[in-house]
Amino acid sequence: MTIDLSYFDRWVIAPYAICLFGSVLIGLVYIAVRIKRSGIKTEYIMYILFLELISILICGNFLASVMQQKTPREAGFTSLGGAVGMLLGVWLNNVIFKEKRTEITETCITALPLIYSIAKLGCLFGGCCGGLPYTGPFAVRYLRNGQIVQADSIPVQLIETVVFLLLFFLFFRCKNKIGAAQMIILCSVAKFLTDFLRDVHKDAVISQNQVGCVVVIVAAAFICVRKRHRRVA
């Protein structure tokens, strides 16, 4: 698969931005539809969505700034930060709307892999977050003005899209069987494993993204154990 980046250079809005904001919009629409069925008032839903959006954008940009050691204006956005922002928004909304915190938590976390899977298409067409060198089936190559800017590599962005879309369907079908903390662990493990396919691992055994995933896994596992002890008690 060959992708000519010079074609997208002529677009008024870059495909990365389209997929990024489109994924967030689709995720928020999903959240709105699902929690509306739980009986939450429309005006409350608007507050919930607004808080989630702000949290996603601020945390996504802030974490990118920290990881890249750049100013927020230069750093752009990181998906891991966006996921942390979603969880922060869930926590804040739970504080405000305590009577509906179960519905809010499960719906928002179910939407996480959906948002991430769509956003990764932007990385695929934008040429970022590339994979390790690979010349087999489905290898992706990037060109710009006829020149190779990235040789054949693993289409890790497309792999992540498929993996996380499958996780979304799994969570949607089994939402009454899989707890919110367990969903977070599954997403973090999937992110941790697929990250090994990225070209950053040519120079590093463990990436910054994977360190972040481990932190999230430990925190979510602690929540699972705590809830289990409460049930036993």
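The values are calculated or read from the model by the stated rules, or taken from the named source; none is laboratory data. Owing to the predicted nature of the structure, the values given are computational and were not obtained by experimental measurement. Positions of Cβ are generated from backbone atoms using ideal geometry, with glycine treated the same way; all protein chains shown enter the neighbour counts. The accessibility values were calculated without ligands, DNA or RNA, using every heavy atom of the protein model including side chains. Shrake-Rupley method; radii C 1.70, N 1.55, O 1.52, S 1.80 Å.
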Screening VAL140, VAL95, VAL90 for residues that are among the hydrophobic types (A, V, I, L, M, F, W, C) and open to solvent by 40 Å² or more (accessible area, probe 1.4 Å) leaves only VAL95
Single residue of the stretch 1-51 satisfying the filter (among the β-branched types (Val, Ile, Thr) and assigned to a loop (DSSP other than H, G, I, E, B)) that is farthest from GLY130 (Cα to Cα): ILE40
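Identify the residue in the stretch 36-46 that is farther than 19 Å from THR110 by Cα and not charged (D, E, K, R) and, among all such residues, is surrounded by the fewest Cβ atoms within 10 Å (Cβ to Cβ). Let's see the steps before the verdict.
At the first step, the residues of the stretch 36-46 found to be farther than 19 Å from THR110 by Cα are 41-44.
The next check asks that each one be not charged (D, E, K, R); those that pass are 42, 44.
Working: THR42: 8, TYR44: 16.
Step by step, filter the stretch 36-46, then rank; the result is THR42.
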How many residues are closer than 15 Å to LEU197 by Cα and either of a type in the set (D, E, K, R) or surrounded by 22 or more Cβ atoms within 10 Å (Cβ to Cβ) (or both) when one looks only at the stretch 143-153? 1
Looking at ARG141, ARG101, can you tell me which residue is at pLDDT 90 or above, of a type in the set (D, E, K, R) and either farther than 20 Å from GLY81 by Cβ or outside any strand (DSSP E or B) (or both)? ARG141
Considering only residues that are without any contact (Cβ under 8 Å) to a residue 12 or more places away in the chain and not in a helix (DSSP H, G or I), which ones fall in the stretch 169-186? CYS174, ASN176, LYS177, ILE178
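When you go through LEU5, LEU25, LEU20 one by one, which is the residue that is farther than 15 Å from ILE104 by Cα, among the hydrophobic types (A, V, I, L, M, F, W, C) and open to solvent by 90 Å² or more (accessible area, probe 1.4 Å)?
Sole residue among the options that is farther than 15 Å from ILE104 by Cα, among the hydrophobic types (A, V, I, L, M, F, W, C) and open to solvent by 90 Å² or more (accessible area, probe 1.4 Å): LEU25.
The rows are residues; the columns are (1) crowded, with 21+ Cβ neighbours inside 10 Å; (2) among the acidic types (Asp, Glu); (3) under 24 Å from THR78 (Cβ atoms).
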{"position": "PHE172", "(1), (2), (3)": "no, no, no"}
{"position": "MET183", "(1), (2), (3)": "yes, no, yes"}
{"position": "HIS201", "(1), (2), (3)": "no, no, yes"}
{"position": "ASN209", "(1), (2), (3)": "no, no, yes"}
{"position": "VAL215", "(1), (2), (3)": "no, no, yes"}
Under the condition of being more than 15 Å from the chain's Cα centre (by Cα) and touching a residue at least 60 places away in the same chain (Cβ under 8 Å), which residue from the stretch 8-17 is most open to solvent (accessible area, probe 1.4 Å)? ASP9
Test LYS191 against the stated conditions and say whether it is in contact (Cβ under 8 Å) with a residue 24 or more places away in the chain, within 24 Å of SER153 (Cβ to Cβ), among the basic types (Lys, Arg) and in contact with a Cys (Cβ under 9 Å, 6 or more places away or on another chain). yes
Screening LEU92, LEU166 for residues that are among the aliphatic types (A, V, I, L, M) and either within 19 Å of ALA32 (Cα to Cα) or not in a helix (DSSP H, G or I) (or both) leaves only LEU92
Restricting attention to the stretch 38-53, does a residue exist that is under 26 Å from ASN176 (Cβ atoms), at pLDDT below 85 and among the polar types (S, T, N, Q)? yes
Residues of the stretch 115-137 being assigned to a helix (DSSP H, G or I) and open to solvent by 50 Å² or more (accessible area, probe 1.4 Å), which ones? LEU121, PHE125
From the option list VAL33, VAL84, single residue qualifying as of a type in the set (Val, Ile, Thr), modelled with pLDDT of 85 or more, open to solvent by less than 80 Å² (accessible area, probe 1.4 Å) and in contact with a Leu (Cβ under 7 Å, 6 or more places away or on another chain) is VAL84
Scope the stretch 187-217; condition of a type in the set (A, V, I, L, M), farther than 17 Å from GLY81 by Cα and in a helix (DSSP H, G or I); matching residues: LEU193, LEU197, VAL200
